Structures are given as C-alpha cells and as structure tokens.
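Everything below concerns the one structure shown next.
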C-alpha cells in the first residue's frame, strides 16, 4: 500500500533534511527504485509480536510501536520505510548487489521517528527474510539467529546513546537481505573477491593470480565476522567454523576452492605486544594467514572496544581489561592500530 503521491524533493523538504546531506541522498536513491508492492501498514499488535520474536522488548519495543509509520498520518516516513523495504527484498539472497546509502539516524539529536526508522523497515522485511530461508531449507533456529543483530544493535545504541535506535543500521540491512548468517559464535557472508563493496583488502592481481584458485578476482569467498556476543573462545570459534563449512557446502555450494576471509583490527599483529599468547584474540589470529597491507584502524578500535568516537579523550576511557589497556597505551604512544585481512580454509 502506498501513501499519497510524494516525490523525493517533497520528502526531503518535509522531513527537514539538508539537500546536500546523506539523508537526502538516501531519499533520492529510494525514489529511483521501482515502486514497491506488497507492504501493508504496520499495526501495533502485529509489530509487538514480531518484535518479541526478534528479541526486542521493553522501552525499545514501545518506542518502535509508538512511532510506526502510516501512509495517512506520517506519509513521508511510510514512503521511506516502504521503499527501503522494497530495496532490501529485491536484493534478498543476492550478495553482489551494492548495499547503497543508509544514513545513521543515531543518537539523541535525531527524533524518535528517525531513530526507529530502520526497525520499522526491518519489521516490513523480516517476514520475507524468513520466507527466503524457509524456501532454501534453512532451519528456523538458524534464520532467527541470523536476524539477532536487530536486537543486538539496538542494545548497542541504547548503551552508547541512552535512547532507542539502531547502531550501524547499514550492517543490519545485510542481515535483512539474508546475507549475514550466524552460525554459533561467528557470522558469515558470501562475497565475490574484488567485485563487491563487502570484499576485503586483498592481494595485488599478480599475486592473487599466482596463488591460483580461490584467490583470484571474481572467485567466491566467505567473510568472517565477530558479533558482540561474549568471549571469543577457541572452542566456540572452532565449532562455528565447522558449522560454516557444512552450511555453505549444503546451501550455497560452489565449484572450486572457497576461502574464508576476515578483515578486522582484531587481526592486527601489533596486538601480540600487549596480549598474552593464551588470549582468545591471539588464538583467533593464529587461525589466519595475513594479507600484506591494511589501513589505520584507530576509529574501529575506539568504536568496538569502547563504543566511543575516534576523538574521545583517552583519560576518560575505561581501563578494566587487557584489551582496553592495550588500545589506549598504543594510541598514547603515538602508534596506530591497523585493519588487516586474513584468510583460512574452512573445515570440510
């Protein structure tokens, strides 16, 4: 169901987005998508039930339901939610489709409707995501676990800003597209090396070609990701990698070699200067062969270790764990953390 006829210009103006902003670009991109079909306005009781299934409850769920978009009462927000949902459903199960622009809408400077927008989109898309997994033959338990980042990133937003919202909503949209599969302790997504915006930093073409099958541009690969869900224990990592080997061989088989890659500051070799050989992070690093090169990852460390901005005052950061102490000591010494790529062979 579509609301009153609206244009991108009207939506941008009525919602008060600056014409040169990321939000305005988001609206403009959605206006170029095919007209969505098959979405009905969200209703309170159905929204409450779906939020509960997704693990969203309490104040978060209440705020989401209180701001549900409606084609008559809030046509601009319904216009956005419907078209954003349509874009995600159209890309369902297609990992090489670019993810597009997704503004943050984070923090108390945004209004309630803005901060709940991505959860509204999720409520429209989740039934389609679950149907996709069901048609593929994936269990409901795995499908639900793979959507757990909705509640997880809402919880992170609450801890970071003290209000309801979704942290890193662009990442959650990949979960909604059935790209991110959670198998035990780790998450995985299918990628095509060198051809998508989720590809890792990789070997130069000559070196990739020399290494052969599984390394070349255009070869299928898997991304490995570490959700914020407790200790990175070696036994849990090993179990997850075994699950991934079986899962992708069954549901997404490929011809030839398929490597698993991880691009993260957690693979920075400099961590060995601060953490013990027995630490979970160092054990995780030892599983991977590193690709030369990388980029400065101070922002990533500040975000994932402290949930703090890159320019946070170092003396204000907690120093309760070895990782927190290492993060601060390294930057205080005038050094930079690095985001690097590693690869491994999944167990068969």
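The values are calculated or read from the model by the stated rules, or taken from the named source; none is laboratory data. As the structure is a computational prediction, the values presented were derived from the model and not from experiment. Virtual Cβ from ideal backbone geometry, glycine too; neighbours counted across all protein chains shown.
Which condition from (1) in contact with a helix residue (DSSP H, G or I) (Cβ under 8 Å, 6 or more places away or on another chain); (2) in contact (Cβ under 8 Å) with a residue 60 or more places away in the chain is the one that residue 108 breaks?
For residue 108, the exception is condition (2).
Which residues, taken from region 251-270, are over 20 Å from residue 339 (Cα atoms) and either buried (at least 17 other Cβ atoms within 10 Å of the Cβ) or touching a residue at least 12 places away in the same chain (Cβ under 8 Å) (or both)?
Those that are over 20 Å from residue 339 (Cα atoms) and either buried (at least 17 other Cβ atoms within 10 Å of the Cβ) or touching a residue at least 12 places away in the same chain (Cβ under 8 Å) (or both): 251, 252, 254, 256, 257, 258.
Could you say which residue among 285, 303 is buried (at least 17 other Cβ atoms within 10 Å of the Cβ), within 20 Å of the chain's Cα centre (by Cα) and either more than 27 Å from residue 208 (Cβ to Cβ) or assigned by TED's automatic domain parsing to the domain that holds residue 330 (or both)?
Going through 285, 303 in turn, just one is buried (at least 17 other Cβ atoms within 10 Å of the Cβ), within 20 Å of the chain's Cα centre (by Cα) and either more than 27 Å from residue 208 (Cβ to Cβ) or assigned by TED's automatic domain parsing to the domain that holds residue 330 (or both): 303.
Being over 30 Å from residue 307 (Cα atoms), within 23 Å of the chain's Cα centre (by Cα) and surrounded by fewer than 17 Cβ atoms within 10 Å (Cβ to Cβ) is the filter here, so list the residues in region 195-241 that pass it.
195, 218
Residue under question is residue 41, and the condition is that it be surrounded by 11 or more Cβ atoms within 10 Å (Cβ to Cβ) and outside any helix (DSSP H, G or I); does it hold?
Taking the combined requirement at face value, the residue satisfies it.
If you scan region 2-31, which residues turn out to be out of contact with any helix residue (DSSP H, G or I) (no Cβ under 8 Å at 6 or more places or on another chain) and at pLDDT below 95?
5
Looking for whichever is more than 26 Å from residue 121 (Cβ to Cβ) and surrounded by 17 or more Cβ atoms within 10 Å (Cβ to Cβ) here; the options are 169, 244, 178. Which one fits?
Being more than 26 Å from residue 121 (Cβ to Cβ) and surrounded by 17 or more Cβ atoms within 10 Å (Cβ to Cβ) holds for just one of 169, 244, 178, which is 244.
What are the residues in region 195-229 that are part of a helix (DSSP H, G or I) and closer than 22 Å to residue 267 by Cα, if any?
Residues satisfying the conditions are 207, 208, 211.
Yes or no, residue by residue, for (1) at pLDDT below 95; (2) under 25 Å from the mean Cα position of the chain (by Cα); (3) surrounded by 15 or more Cβ atoms within 10 Å (Cβ to Cβ):
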position	(1), (2), (3)
289	no, yes, no
318	no, no, no
335	no, no, no
343	no, yes, yes
348	yes, no, no
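Regarding residue 178, is this residue under 23 Å from residue 82 (Cβ atoms) and outside any helix (DSSP H, G or I)?
Considered against the rule, which asks whether it is under 23 Å from residue 82 (Cβ atoms) and outside any helix (DSSP H, G or I), residue 178 comes out as yes.
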